[in-house]
Structure formats: structure tokens, C-alpha cells
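A short write-up of the structure that comes next.
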Amino acid sequence: MIFCVEDDHAICDLMIYALQSAGFEAIGVPDGLSLFSILEKEMPELILLDIMLPGEDGITILKKLKRNTSTANIPIIMATAKGTEYDRVIGLDLGADDYLTKPFGMMEMISRVKAVLRRTRPRENAHLLRAGNLEINTGEHIVSVNGKRIFLTLKEYELLRLFMDNPGKVFTREQILRQVWGLDYTGETRTVDVHIGTMRSKLGACGDYIETVRGVGYRMEAKDILIL
């Protein structure tokens, strides 16, 4: 679960929609008072925290979160107005994990959320996804074929992870663009074909696990995925 602490309802709704489209659970929180009330009932995986809020500002809220032992380890991404370098520096000094400068794109937000979660998730939560001779170590972002490491780009890795997480499910090119490139991406769907082509080539025989569904998109062969 991701908490979006943002008092502008239109921006908050857009953030929530983008996060949910990328596979995250998310809720909007309008101010610090509401945030601390919700935290008594539920702990999020990450907080997106705007600095300019009614009542207590984001910096004050950040200080409180980091002083409290029950919330000190929650990853926090600050949202700052353009040109407020001082607030950015203060936020990072106080323990914020990253920041976004307004106005920011939803694709950038999703990328930063994923990056922070990769850095902050405990290593013991890592696991292996295995299909045939293909294996992904999701904690270390390592892909192996027949025990030999294969080097994929970030987008190729995210494509493969999408298919491995959803064996047998058909994805259209538009769905893949939204899931991997984000809502702000304005390029052509041909991008998906190119990346899948290079990924298949790198995976060798295991590249055949990714099937083309003519006239629709792509799917991963419906084989059992072992989670270790």
C-alpha cells in the first residue's frame, strides 16, 4: 500500500490512478492529521509526501515520522515545488529517500517509487521465480538461463517480470506500455515489439516462452512458475 499525501484532489486522483495501473495499491491522504490517524490502523509500504500541505507542512511531518520508531523505516518520497532546493536538501538530510520536483510526470513518479522500493525492501523478502530453465532473482534483479546470468536492460527485465508474474495472460501492446513505460509514454507500440525481440534473443531457447498472440499482443507460455 502506498499513501499519497497531497491536498490537491485532482493531482492526488491522478497519482492514485497511475500507481494502481502500475500494480500498486494506493490511497490519497489530504493532510498530516489524516495521515497520522490512518497510520494508527495501517502501515504503508511507501509514502509520497507533498511539502506544501494545509496545517503541518511536509518537512514537519517527515520529522515526526522519522522520530517515531514505528514509522521511522517507512520509505518516503518528497514532492517539492520547482526551485525549492533548500526544502529538497533538508528533506534528504532528515531521512527522505528521494524527491520529485513539481510538476512531475506519472511515469517518473512510478520509476522513482519502484527504485526506492527496490533499495529499501529487506533482502530476506527476495525470492526466485522459475519457469523451465529460466530464473529471476527478484531481490537482486538477476536473470539466469540454465544457471548462466543474462544481462537485460531495465525495460527488458520489467517486461520479463510482467510475463513471469502472469503466466498464460495475454497482454496487448497498449497494456504493456502502461505497465512498463507508464501512462506518460507517448511513443509507438512498436517499442514493445523491439524490446521483446531483443529480450527473446538474449534469453536464447527460453525466449520461446514469450509467445506472440497474432492480432492481440504477447503472453508467456502457461507453464508452472515456481516461487522459491
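Go over the candidates Met1, Met78 one by one and state the one that is of a type in the set (A, V, I, L, M) and within 15 Å of Leu100 (Cβ to Cβ). It would help to see each step written out before you state the result.
Working: Met1 fails: within 15 Å of Leu100 (Cβ to Cβ).
From the options Met1, Met78, the qualifying one is Met78.
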Quiz prompt | In segment 167-206, the residues that are polar (S, T, N, Q) and outside any helix (DSSP H, G or I) | solution = Thr172, Thr186, Thr189
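Return yes or no: is Leu152 under 16 Å from the mean Cα position of the chain (by Cα) and either assigned to a loop (DSSP other than H, G, I, E, B) or modelled with pLDDT of 85 or more (or both)?
Numbers: under 16 Å from the mean Cα position of the chain (by Cα): no; either assigned to a loop (DSSP other than H, G, I, E, B) or modelled with pLDDT of 85 or more (or both): yes.
When the stated conditions are applied, Leu152 does not pass them.
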Exercise. Among the numbered conditions (1) more than 26 Å from Ile47 (Cα to Cα); (2) in contact with a strand residue (DSSP E or B) (Cβ under 8 Å, 6 or more places away or on another chain); (3) open to solvent by less than 70 Å² (accessible area, probe 1.4 Å); (4) at pLDDT below 90, tell me where Lys169 comes up short.
Key: (3)
Exercise. Please work out which one of (1) closer than 30 Å to Glu174 by Cβ; (2) buried (at least 19 other Cβ atoms within 10 Å of the Cβ); (3) polar (S, T, N, Q) is the condition Thr80 fails and give its number.
Key: (1)
Quiz item: Here are some residues: Tyr99, Tyr86. Which one is more than 27 Å from Lys202 (Cβ to Cβ) and modelled with pLDDT under 85?
Solution: Tyr86
Quiz item: Has segment 120-143 got at least one residue that is open to solvent by 20 Å² or more (accessible area, probe 1.4 Å), modelled with pLDDT of 85 or more and closer than 28 Å to Asp8 by Cα?
Solution: no
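Which of the residues spanning segment 1-17 are assigned to a loop (DSSP other than H, G, I, E, B) and either in contact with a Leu (Cβ under 6 Å, 6 or more places away or on another chain) or hydrophobic (A, V, I, L, M, F, W, C) (or both)?
Narrowing segment 1-17 to residues assigned to a loop (DSSP other than H, G, I, E, B): 1, 6-8.
Matches in segment 1-17: Met1, Asp7.
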Exercise. Output the residue which, of all residues in segment 29-55 that are open to solvent by 60 Å² or more (accessible area, probe 1.4 Å) and within 22 Å of the chain's Cα centre (by Cα), is nearest to Ile76 (Cα to Cα).
Key: Glu45
Exercise. Among residues belonging to segment 185-203 that are out of contact with any Asp or Glu (no Cβ under 6 Å at 6 or more places or on another chain) and open to solvent by less than 40 Å² (accessible area, probe 1.4 Å), point out the one that is farthest from Ser144 (Cα to Cα).
Key: Gly187
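The values are calculated or read from the model by the stated rules, or taken from the named source; none is laboratory data. Remember, predicted model here, so these are calculated numbers, not experimental data. Because the Cβ atoms are built from the backbone with ideal geometry, glycine has one as well, and the counts that use them run over all protein chains shown. Quick note on the areas: whole protein, heavy atoms, side chains included, nothing else; ligands and nucleic acids left out. Shrake-Rupley method; radii C 1.70, N 1.55, O 1.52, S 1.80 Å.
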